[in-house]
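For reference, the structure is listed below as structure tokens.
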Amino acid sequence: MDIESQLNTYDLILGLDYDYYVLGHADQIYKKEEMLNLVELNRKTLNNYLDLCLDLVDQAKSREDLLEEIIILEDLSVDLNEYYFLSSTMAALLSYLHYRGAIKYQIENGRLYFYK
């Protein structure tokens, strides 16, 4: 997952002017207003998770630590596949925040930690 590309895609979709939209991974047709609402909901959700990551790295934490905290805070019930998907999503969120200069990292004893 490339967070910057995802955010750019939201902007691109919002700039389109169609009456109906079909998503490749959905089984329905969306009206324009539905699509705009869906994009805004997805953007809000993504930004909420970026903010949550920032809130949680006041002290140095690993990706695993952060993933555990988010699963608990968001009361998520995950299976193995969902855990691995969330883990890769967490990596993308942290990479984006680091690239933007919002967080730093250190490697200590073979473990990667993120902090503000």
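What number of residues within region 41-69 are charged (D, E, K, R), touching a residue at least 24 places away in the same chain (Cβ under 8 Å) and loosely packed, with under 15 Cβ neighbours inside 10 Å? The total comes to 1. Sort out which residues of region 18-40 are exposed (fewer than 15 other Cβ atoms within 10 Å of the Cβ), at pLDDT 95 or above and in contact with a helix residue (DSSP H, G or I) (Cβ under 9 Å, 6 or more places away or on another chain), and write them in order of number. Answer for region 18-40, where residues must be exposed (fewer than 15 other Cβ atoms within 10 Å of the Cβ), at pLDDT 95 or above and in contact with a helix residue (DSSP H, G or I) (Cβ under 9 Å, 6 or more places away or on another chain): Tyr18, Asp19, Tyr20, Glu40. Can you tell me which residue within region 1-32, out of those that are over 19 Å from the mean Cα position of the chain (by Cα), charged (D, E, K, R) and in a loop (DSSP other than H, G, I, E, B), is nearest to Tyr49 (Cα to Cα)? It comes out as Asp27.
Of all residues in region 33-84, those satisfying the criterion of being of a type in the set (A, V, I, L, M, F, W, C), assigned to a helix (DSSP H, G or I) and over 19 Å from His98 (Cβ atoms) are Met35, Leu36, Leu38, Val39, Leu41, Ile71, Ile72, Leu73, Leu80. Can you tell me which residue within region 1-17, out of those that are of a type in the set (A, V, I, L, M, F, W, C) and exposed (fewer than 12 other Cβ atoms within 10 Å of the Cβ), is nearest to Arg100 (Cα to Cα)? Checked region 1-17; the qualifying residue nearest to Arg100 (Cα to Cα) is Leu12. With respect to the conditions (1) surrounded by 13 or more Cβ atoms within 10 Å (Cβ to Cβ); (2) out of contact with any helix residue (DSSP H, G or I) (no Cβ under 7 Å at 6 or more places or on another chain), Tyr96 lacks only one, and its number is (2).
The values are calculated or read from the model by the stated rules, or taken from the named source; none is laboratory data. What you see is a predicted model; the values in this text were computed from it and never measured. Note that each Cβ is placed from the backbone with ideal geometry, even for glycine, and that neighbours are counted across all protein chains shown.
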